[in-house]
Amino acid sequence: MAISIFEEPNTHHGLVPRWANVLLKKYKVNEGWVQDLRFSVIARPGIPRAGVIIDVSTCQYLNMVHAMVYRDVPVWLFWGKRHALHKAQSYVDPGCIPTEQDIAASQDPFQRVTSTC
């Protein structure tokens, strides 16, 4: 996640990216390990990623959703109960939050839910 949070455009041309400096200086991570990470597929943008399913009602890291999406990590949000909706409002696109109609339709096995984000 450090790569996603501290990614800066145009920092891959010989300069040490900000995320690598954070790992090296703030967290004192081994320099060789950071170098290996810098040049691995993990740090490359545009590589297909495994996705993540996030339970909105229990996740403590909703603020990381934007960083995951930025790094092309597929994110699926499990909304659970209605009280979870307010928790995610400042972290996800409002179009991804289900409406009352979506919630009601999801509880009816014969109703088809058509809205997606």
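Taken together, the values in this text are just the output of simple stated rules run on the coordinates, not laboratory data. The model shown is predicted, which means the values in this text are computed figures rather than measured ones.
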List the residues, sorted by chain then number, that are 5 or more residues from Leu77 or on another chain and whose placed amide H is less than 5 Å from its amide H.
Ile54
Length released on extending from Lys28 to Thr99, taking residue separation times 0.36 nm less the Cα-Cα span:
21.0 nm
